[in-house]
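Presented below is the structure to which this report refers.
Read-outs throughout are calculated quantities, based only on the coordinates presented, and are distinct from any laboratory measurement. Small disclaimer: the values here were computed from a predicted structure and weren't measured. Cβ sites come from the backbone with ideal geometry, for glycine too, and all protein chains shown count toward neighbours.
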Amino acid sequence: MTTDLVKPQSHHAARGHAPRDYSLTPLNVYWETTQACALACRHCRASAMPEADPQELSFEDGVRMLHEIKGFGDPLPHLILTGGDPLAKARLFDLVDEAHSLGIEMSITPAATPALTRDVVEKLKEHGVSGLGLSLDGSCPERHDAIRGVPGTFDRTRDAMRWAAEFEMPLQINTLVSAETVDDLPAIYRFLSGETVSRWSLFFLITVGRGKVLQPLSPEEGVALMEWIHGVARTAPFTVATTEAPSYRRVAVERMRAEGFTGEQIARSATGRGFGIRDGHGIVFVSHRGDICPAGFLPLSAGNIKTHELADVYRSAPLFEVLHDPSHFQGACGECRYRSLCGGSRSRAYAATGDPFGSDPLCPQDVN
């Protein structure tokens with residue numbers, strides 16, 4: 001078995017804090033506040049429905065979960081309120097106020113429905129939400145709305161982007177990467193370059209939920225796109241990142257080596273690229289029913305916040321313990337010398353094989 005290449009440090013280490021140990025504390029907690037959503041997106045992980053699930057966490061359950069985030073200690077994870085559409089969550093702003101009172105920094109990823117108005121964006125800012133995440137899957141209304149399933153979502157997304165800029169809310173744009181969208185990515189990039197955007201995250205399709213009707217890229221197509229992403233990221237007016245494509249880190253390291261970067265320079269770069277973070281290691285997901293999972297795209301429950309402490313599950317549940325240690329991974333991901341900085345998408349491995357510890361089929365199998 002080959003040795004790992006880069007020992008990643010956390011974003012806190014870059015800012016002068018002690019490095020965050022991702023086996024003890026995640027960088028991000030994702031809370032699927034509700035399954036309710038008025039859209040019908042073709043790639044929806046949650047297979048969202050118009051109405052809330054009757055078994056959705058109550059307000060009191062939600063408050064208890066927020067207090068359990070405090071159990072991770074300092075530095076606290078960042079909380080991302082997601083869904084469904086979190087704007088459809090009952091008493092959302094009361095929950096936001098509770099999180100803010102606990103010192104939990106949070107972002108929100110609302111759906112581009114008529115509920116997302118200028119007043120709502122302003123209210124989110126006033127209540128302490130520190131960032132907005134929006135999805136943009138096409139460079140024009142025809143392409144974006146075809147993915148989202150409802151006419152008008154492109155225009156509403158564009159309006160919300162400009163409201164975020166007006167109220168100085170950092171904005172992350174999430175874009176689906178699949179066979180259906182890949183040719184449009186350069187045009188989406190050009191569109192975003194004219195807007196006020198903090199981060200562009202390209203989400204490589206996981207075929208779960210409604211996403212099973214879409215087509216993922218082949219490994220060769222994935223590598224070619226990652227090389228394009230790496231080039232774009234060097235001059236983009238915003239941060240460019242990937243989601244569920246940890247093998248992009250390998251591509252970045254190999255490109256940096258080819259360009260003459262030293263090992264120390266590459267290791268420093270690892271901090272800003274999220275090297276080492278993967279499903280269940282640096283990330284934890286709480287479903288609308290309270291199930292504690294490694295990620296939203298890896299729907300294996302290791303406990304429930306109604307009966308388990310969130311920090312205990314993340315640190316000690318057998319599923320998470322294996323995910324914290326990539327030496328336990330199987331197949332090519334287990335043997336790969338990049339397994340610490342990458343580790344492969346555990347969600348994609350599970351979706352493709354039923355084994356969350358197997359090989360990520362997006363990555364070429366001959367990288368060693």
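Points worth noting:
- A straight line joining the Cα centroids of region 248-321 and region 165-215 runs 20 Å.
- A full extension of the chain between Val213 and Glu227 corresponds to an added length of 2.4 nm, given 0.36 nm per residue minus the alpha carbon distance.
- Cα-based shape type of region 146-200, given that a ≥ b ≥ c are square roots of the gyration tensor eigenvalues and the cut on a/c is 1.5: oblate
- Taking all pairs of distinct alpha-carbon atoms in region 73-227, Kirkwood radius in angstrom: 16.6
- Most mobile listed residue (Val251, Val29, Val177) in the chain, GNM with C-alpha springs under 10 Å: Val251
- On the beta carbon distance between Ala115 and Glu321, with R0 = 41 Å, the FRET formula returns roughly 0.55.
- The three principal axes of the C-alpha atoms in region 113-153 carry coordinate ranges of 34, 17, 13 Å, sorted with the longest axis first.
- Rel. contact order, % - alpha carbon contacts under 8 angstrom, at least six apart, the chain: 21
- Most mobile of Arg250, Arg91, Arg143 in a GNM of the chain (Cα contacts under 10 Å): Arg91
- Shape summary: the chain maps onto an equivalent ellipsoid whose semi-axes, from the alpha-carbon gyration tensor, are 29, 25, 20 Å in decreasing order.
- Gaussian network model of the chain, Cα within-10 Å springs - most flexible of Ser247, Ser218, Ser135: Ser218
- Residues His288, His67, His230, arranged from fewest to most other Cβ atoms within 10 angstrom of their Cβ, appear as His67, His230, His288.
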